[in-house]
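Asker: Handing you a structure now.
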Amino acid sequence: MNEYLIDLFRQIELPVRNPVLILSLLFFVILLVPLLFRRFHIPGILGLILSGVLIGPNGLNILEKSEAINLFSTIGLLYIMFMAGLELDTNEFNKYKYKSLLFGLFTFAIPLLVGFPICFYLLKFDFQASFLVASMFSTHTLISYPIVSRWGIVSQQAVAITVGGTILTDTAVLIMLAVILKTNSQGVNNAFWLQLTVSLFLFSVVMFKVIPPVSRWFFRKVESEKHSHYIFVLSVIFFAAFLSEIAGVEPIIGAFMAGLALNSLISHTSALFNRIEFIGNALFIPFFLISVGMLVDLSVLFNGKHAVFIAIVLTSVALLVKWLAALLTQMVFSFQGVHRRLIFGLSSSHAAATLAIILVGFEAGILDENTLNATIILILFTCVISSIVTERAARELLLKEGLIDHNLNRIDQNDVTEKYLLPISNQWSLDRFLELSVIFRKNVKQVPLHVLQVVPADYPENELVIEDSFTRSLHKTAAELETKIVFQREPDFHIASGITRVANQMDANYILLGWPQKSGLLDRVFGEILDNILDTAPQHILVCRLQLPLVAHQKLIIGLPPLAFTEPGFTDCFKKWMQLSLELHMDVIIFCSEETKGYIKKLNSKNYNFRNWKFKVTELNQNWFKSIDNYKINKADLLVFMPGRPASASFLMEQNEIPSYIEQRFPDNSVILFYSGAAI
C-alpha cells in the first residue's frame, strides 16, 4: 500500500512528467479555457496564452516546456502560417500585391528607423544588439488571424494587405538575421550572398512549379482515400518548412509558401479544408499558443528597475512602430479608421519570428538575459493587445462593410427553398409548431417539413421506425395542414448534437425549438441545449413558447437589439415577421434603435406594406429587451425578441437574462426568440 501511495505521489508531483497526465491536462486547458473566456466575450486565443503563463515553469510550474510540447508548438506555428496562405484569397492578394509590398516596406522600415536609435542611445545596447532588436520590432506573427477567419473577413482588402506584408517583412527580417549572425561569426562575403540568392530561387521553383502539379496528380489518383489527402498536406507543410531552412530562412516562410502553393487546389468548402481547419484549431494551434505563454516569466518584473525599464521600453516601441505603419498605410490608401485598427491588430503581435530572432541572438551572445526576458513580456502584451484590437476591429468592419448592402440586395429573393427542422419532445405544442412552419414557408418552394425526435443512443434499433400514437398524430396534423412531413427518430446521448447533426445532414435553414426547461447546475455551467446548438448550428434558430393558437394573437411586439440590422440573416427574419403579421392580420410594434428603424425604412423602398407597422425608438443600452416595459402588453400579444449570437455584432451579455425576464414579466404570453443565422 505504501509503495502504491509513493508511486501515486511521484506521478502527480510538480512539474508533471507523466506523458499521459500531461496530455490530459493540456487537453482540458484547450477544452475549458476558450469556453470560459467566451462567456466573458474575450478571444479564446488570449485565454490559451494566459493559461500557458499560469501552468508554465514560470507560473505554477505544473508543466515544464518539454520536447514534446516544443514539437506540438512548432507544428502549431507552422499550421498558423500554412492556414494564412491557404485561406488567402489569391485574387484579392494579386489585386493588392503592390499595396502589400508598400505596407511590408512601412512595417519593415519604420521599426528599424525608430527602434535602432532608441536601443542604441536610450538602452545603451551595442551596435549589433541594437540592430537585432530593431529588426525584431519589424517582425510580427499572425496570432490574431484565427479571429478574422472566424469572423469571415479574410478576403477583406485590409486583411489581404496585412497578410501579404507579413510574409514580405518577415522574410526580409529573417534574411537579415542570417546576415547578422554571419557577420558576428565569420563575416559576409560574395559567396554568402550568391548561396542565399540561389537557394531562395530554387526553393521558390520547387514550391510553385513542382508542388502544385504533384499535388494535383495525387488528389486525382487517390480520390477515394480521403484520409490520405490530409496526410499528404501535412507532408507538404513540413517538407516546405524543411526546404526553407535549407534555403537559409525560417520554417514559417516555407509553411506560408506551402499554403499559397495548395491554395488553388483545396476548395474552402471541401471536406479536406474542413479537416485541415478543424485539426489545426482544435489541437496544434492551441498547443502553440499555450507554449508561447509558458515562455513568459513575470518574475522578471521584480528583478530590479532596469529589467522593468527595458520591458516597458521594448513593449511600447513595438506597439508604437506598428501603429505608425498602420497609420501611414491608412493615409496612403485612404482607408477608414477601422481598417487602420484591423491592420494594427493583425500586425502588432510578436511571437514566431520574434522568438526566433531573440533566442538565436541570445544563444549567439549578442543579447543578454534582461533583453530575452523583456522580449517575452513584450510577446505577452502584444499578443493580448493584438487579440483585443483585432476582435473589435473585425466586429466593426463587419458592421460597416460586410452585411448591410448584402441584406438590401436580397430582399426580393423569394425563389429559394427553405428547409425546416422541428425537434419535438412532446405532443403538446406539435400542432402550433407545424402551423407556424407552414405560415413561414408560404411564399417559398415547398419541401417536406422535417420532424425530429432525439432518443437515447441505446434506444432499440428495431423500434426506431415503429409507428405509434405520436407519429400517427403527427401525420394527421400534417394532412390537415396540407403539408408533407418527414419524421425521424435519431439516437444520440446528447440532444443538442443529435439536432445539429440532422440539421446539417438535411441542409436545414431553420430550426424550431420548444421553450427551454429549467436545468441543473452542470447545464448552467456548461450551457444548456440551446447554448450548444447556438454554438454549432449556423441555421436560423427559433425558440418558441406558443401559449395560444396562432390565430388568437392580436399584435406582434418585436424587440430588437441596437445592431440587429447588421446580422447576416436580418432580412430573412424581417420577411418572416412580415409574413406572420400579414397572414394573421396583426398590427406590428417594433422597439428598436434609430439606426435599425432607418434600415427597416430602406426596406420600405421595396414596396412592402408597412401600414400596420409602428416604431418605438429605444435608447442604445444593453438591456434593450426591457424597452417594452413601459408599453401595455396583453395576453393576446405575440412577443418576438432577436438576441444576437455570442460571436455576432449585436450580441450583448445582458441578453442572457431574457428567458428569466420573460418568465417573470410575461408568463402567459406567447414568445419567440429569433436567433439569426447565415443568410439564405
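Asker: Within the range 543-556, can you find the residues that are closer than 26 Å to ILE533 by Cβ, aliphatic (A, V, I, L, M) and more than 33 Å from the chain's Cα centre (by Cα)?
Answerer: Passing the criteria: LEU546, LEU548, LEU550, LEU556.
Asker: For a quick check of your reading of the model, give me the residue pairs whose first member lies in the range 323-337 and is more than 13 Å from ILE161 (Cβ to Cβ) and assigned by TED's automatic domain parsing to the domain that holds LEU105, whose second is of a type outside the set (Lys, Arg) and surrounded by fewer than 18 Cβ atoms within 10 Å (Cβ to Cβ), with beta-carbon atoms closer than 8 Å and at least 6 apart or on different chains.
Answerer: LEU324/VAL114
Asker: Quick one: what pairs do we get from the range 558-572, first residue in contact (Cβ under 8 Å) with a residue 40 or more places away in the chain, second assigned to a loop (DSSP other than H, G, I, E, B) and charged (D, E, K, R), C-beta under 8 Å, 6+ apart or different chains?
Answerer: Pairs that qualify, where the first residue is in contact (Cβ under 8 Å) with a residue 40 or more places away in the chain and the partner is assigned to a loop (DSSP other than H, G, I, E, B) and charged (D, E, K, R), are THR571/ARG410.
Asker: Residues PHE574, PHE625: which one is touching a strand residue (DSSP E or B) at 6+ places or on another chain (Cβ under 8 Å), on the phi < 0 side of the Ramachandran plot and either assigned to a helix (DSSP H, G or I) or at pLDDT 80 or above (or both)?
Answerer: Numbers: PHE574 fails: touching a strand residue (DSSP E or B) at 6+ places or on another chain (Cβ under 8 Å).
The match here is PHE625.
Asker: Given LYS476, LYS484, which one is among the basic types (Lys, Arg), in contact with a strand residue (DSSP E or B) (Cβ under 9 Å, 6 or more places away or on another chain), surrounded by fewer than 17 Cβ atoms within 10 Å (Cβ to Cβ) and modelled with pLDDT under 80?
Answerer: Values: LYS476 fails: in contact with a strand residue (DSSP E or B) (Cβ under 9 Å, 6 or more places away or on another chain).
Answer to the selection: LYS484.
Asker: Looking only at the range 632-678, count how many residues are within 23 Å of TYR420 (Cα to Cα) and more than 18 Å from the chain's Cα centre (by Cα).
Answerer: Total meeting the criteria: 12.
Asker: Got at least one residue in the range 645-660 being without any contact (Cβ under 8 Å) to a residue 40 or more places away in the chain and more than 30 Å from ILE147 (Cα to Cα)? Steps first, answer last, please.
Answerer: Restricting attention to the range 645-660, the residues satisfying the condition of being without any contact (Cβ under 8 Å) to a residue 40 or more places away in the chain are 654, 656-658, 660.
Applying the additional criterion that residues be more than 30 Å from ILE147 (Cα to Cα) yields 660.
Yes, the range 645-660 contains a residue that is without any contact (Cβ under 8 Å) to a residue 40 or more places away in the chain and more than 30 Å from ILE147 (Cα to Cα).
Asker: Next question, about the same structure. Return the pairs, sorted by first residue and then second, in which the second residue is assigned to a loop (DSSP other than H, G, I, E, B), the first residue lies in the range 623-634 and is assigned by TED's automatic domain parsing to the domain that holds SER650, the beta carbons are less than 6 Å apart, and the residues are 6+ apart or on different chains.
Answerer: What qualifies is TRP624/PRO561; SER627/THR618.
Asker: What are the residues in the range 634-654 that are at pLDDT 75 or above and in contact with a Lys or Arg (Cβ under 8 Å, 6 or more places away or on another chain), if any?
Answerer: Residues satisfying the conditions are ASN634, ALA636, ASP637, LEU638, PRO646, PHE651.
Asker: Against the definition (closer than 15 Å to SER347 by Cβ, assigned to a helix (DSSP H, G or I) and modelled with pLDDT of 80 or more), how does PHE131 come out, yes or no?
Answerer: Details: closer than 15 Å to SER347 by Cβ: no; assigned to a helix (DSSP H, G or I): yes; modelled with pLDDT of 80 or more: yes.
Criteria not met by PHE131.
Asker: Please indicate, with yes or no, whether at least one residue in the range 96-110 is of a type outside the set (Gly, Ala, Ser), under 25 Å from the mean Cα position of the chain (by Cα), modelled with pLDDT under 85 and assigned to a helix (DSSP H, G or I).
Answerer: No, every residue in the range 96-110 fails to be of a type outside the set (Gly, Ala, Ser), under 25 Å from the mean Cα position of the chain (by Cα), modelled with pLDDT under 85 and assigned to a helix (DSSP H, G or I).
Asker: Please tell me if PHE103 is under 18 Å from LEU378 (Cβ atoms), aromatic (Phe, Trp, Tyr) and buried (at least 23 other Cβ atoms within 10 Å of the Cβ). Talk me through it step by step, then tell me what you get.
Answerer: Values: under 18 Å from LEU378 (Cβ atoms): no; aromatic (Phe, Trp, Tyr): yes; buried (at least 23 other Cβ atoms within 10 Å of the Cβ): yes.
When the stated conditions are applied, PHE103 does not pass them.
Asker: Looking only at the range 227-265, which residues are surrounded by fewer than 17 Cβ atoms within 10 Å (Cβ to Cβ), closer than 24 Å to ILE147 by Cα and at pLDDT below 85?
Answerer: Once the filter is applied, which keeps residues that are surrounded by fewer than 17 Cβ atoms within 10 Å (Cβ to Cβ), closer than 24 Å to ILE147 by Cα and at pLDDT below 85, the range 227-265 yields only SER264.
The values are calculated or read from the model by the stated rules, or taken from the named source; none is laboratory data. All values reported here derive from a predicted model rather than from experimental measurement. Using ideal geometry, Cβ is built from the backbone for each residue, glycine included, and neighbour counts are taken over all protein chains shown.
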